[in-house]
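The values are calculated or read from the model by the stated rules, or taken from the named source; none is laboratory data. Quick caveat: nothing in here was measured; it's all calculated off a predicted structure. FYI the Cβ positions are ideal-geometry reconstructions off the backbone, even for glycines, and counts take in every protein chain you see.
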Amino acid sequence: MTYTHKCAVEACTRRVPSEMLMCRRHWFMVPKDLRDRVWAGYRRGTDAEYDVAVAAAVDAVRICEASKR
């Protein structure tokens, strides 16, 4: 497995494979229905719907982490 980019969560420095958006820890902070939307958009290819789902997933992690403080 080749690690090609960093996790999509800004503060995270973990590297992830090209087919993954974020590291495992952050990915499972995203609600399942939103993870499904990200995967569906990824399989179709990058489009506006995928971009919206990615932004929502990153926001979900930010909210989850803020609530733990």
Return the pair list, or none, for Cβ contacts closer than 7 Å from residues in region 49-69 that are within 13 Å of PRO31 (Cβ to Cβ) to residues that are at pLDDT below 90 and surrounded by 14 or more Cβ atoms within 10 Å (Cβ to Cβ), at least 6 apart or on different chains.
ALA53/GLY41
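Suppose the filter is of a type in the set (Gly, Ala, Ser), exposed (fewer than 11 other Cβ atoms within 10 Å of the Cβ) and free of Cβ contacts under 8 Å to residues at least 40 places away in the same chain; does GLY45 pass it?
Against the criterion (of a type in the set (Gly, Ala, Ser), exposed (fewer than 11 other Cβ atoms within 10 Å of the Cβ) and free of Cβ contacts under 8 Å to residues at least 40 places away in the same chain), GLY45 qualifies.
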Looking across region 1-18 at residues that are outside any strand (DSSP E or B), loosely packed, with under 12 Cβ neighbours inside 10 Å and more than 11 Å from the chain's Cα centre (by Cα), the single one that is modelled with the lowest pLDDT is MET1
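Residue-by-condition table, conditions (1) in contact with a Phe, Trp or Tyr (Cβ under 9 Å, 6 or more places away or on another chain); (2) surrounded by 11 or more Cβ atoms within 10 Å (Cβ to Cβ); (3) not in a helix (DSSP H, G or I):
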| site | (1), (2), (3) |
| --- | --- |
| MET20 | yes, yes, yes |
| ASP33 | no, no, no |
| ASP36 | no, yes, no |
| TRP39 | no, yes, no |
| VAL58 | no, yes, no |
| VAL61 | yes, yes, no |
| ARG69 | no, no, yes |
All but one of (1) in a loop (DSSP other than H, G, I, E, B); (2) modelled with pLDDT of 95 or more hold for ARG25; state the number of the condition that does not hold.
(1)
